[in-house]
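> Pasting a structure below so you can have a look.
Since every read-out is calculated from the coordinates, none of them should be taken as a lab result. No experiment lies behind these values; they were computed from the predicted model shown. Virtual Cβ from ideal backbone geometry, glycine too; neighbours counted across all protein chains shown.
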């Protein structure tokens, strides 16, 4: 996985429809770099999973989790099925800001105790104010 610090300017892939919102990175983790840890509210996790229905910037292959040395794509139970992670992004926007995370962020939060920035959590929950 490509590493980008949280809240740094997003430059990985072209983003469409960001209409004046500055895209920033969230959750582009790598084992060679530390990251914030801590609990997240369950409603955030639920809302994050719902973003699997709205994939952005899909890729042809899968990134694997190098925090746990995965040898195959990470899978997560979603609704009544299973979804593979590592092939798309999650976009959460508020006026003036677009947060861009790999969909592996779901795994990082659930399995590696990653705590995304509060601004991203609020954007996913729809509670961020500008």
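> Over the Cα atoms of the chain, what is the Rg over Rh ratio if Rh follows Kirkwood? List each step's numbers first, then the result.
Working: Rg = 13.7 Å, Rh = 14.8 Å.
Result: Rg/Rh = 0.92.
> Using just the helices of the chain, give the 222 nm mean residue ellipticity in deg cm²/dmol: DSSP H runs with n ≥ 4 each add -39,500 (n - 2.57), and the total is spread over all residues, rounded to 500.
Theoretical 222 nm ellipticity from helices: -5500 deg cm²/dmol.
> Counting DSSP beta bridges with both partners in the stretch 22-125, what percentage is antiparallel, nearest 5? Provide the component values of the computation, followed by the final result.
Working: 12 of 16 bridges.
Counting DSSP beta bridges with both partners in the stretch 22-125, the antiparallel share is about 75 percent.
> Here's something else I'd like to know. What distance in nm lies between label points placed 7 Å from Cα along the C-beta direction at residue 46 and residue 62?
The answer from the label model is 2.8 nm.
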